[in-house]
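What follows is a set of notes on a single structure, which appears directly below.
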Amino acid sequence: MLTLSEQHILQHFRDSYEELAEISNKNTKNYNLNKIAAILRQFLLDRNQLISDVRRILSANQLHTSTISYPCQPYIAPQIPNLQFGGAYDGFEIPNAIPSFSSNLFLNISVGTVIDTVITVKDLVKYVANKDGAIHYDQKKLEGNDLLLQQLQYEFIVGGNSALSKMLPPVGRVVLNGLREVYDRTVELLEA
């Protein structure tokens, strides 16, 4: 029998997963791109990761999940002199890809480059979530990669959206693939 707190955690994960699936698989507007970053931050970066709590509850209820891994193709910058920007879009997401990366390695996977600087999954999610309005809006304390990410957000436009934000849906779909078993077990427990 689930406590109300456990039920809330599982429902929140289920609802967030389903929302991420909906908005990561359609032509997105900036609001939805921010929502993707907010959900990814909850799933991957927050100190008390939602996923850890969900897996603990599932395990306590005899619903074990295998190790989470994220199947994707890291972005490798082409060897083009003076390349200003290159990024992973739909080629990043390859279901059942080999290799597949653990959570910590996945956060350090390259999704693009800006003027010879590698942009990782973690850089992308943290910037959009914490600096550009998905969770917080704080453009005052930008330094290092954040300055490059700001440039990418506002100066490189692809299909009506910033090039930076266009990288979020493929990352979201990779996370959905990696968390599918956790989602399935969550739904199973909530419906029991």
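Below is a table of values for the structure above.
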quantity: Residue list for region 157-192, filter: crowded, with 16+ Cβ neighbours inside 10 Å and in a loop (DSSP other than H, G, I, E, B); calculated: M167, L179
quantity: Wholly enclosed helices (runs of 4 or more DSSP H) of region 38-143 bearing at least 2 residues modelled with pLDDT of 70 or more, over 19 Å from L168 (Cα atoms) and touching a helix residue (DSSP H, G or I) at 6+ places or on another chain (Cβ under 8 Å); calculated: 50-60
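The values are calculated or read from the model by the stated rules, or taken from the named source; none is laboratory data. Note that the structure is predicted; figures quoted are calculated from it, not measured. Don't worry about glycine lacking a Cβ; one is built from the backbone with ideal geometry, like all the others, and counts go over all protein chains shown.
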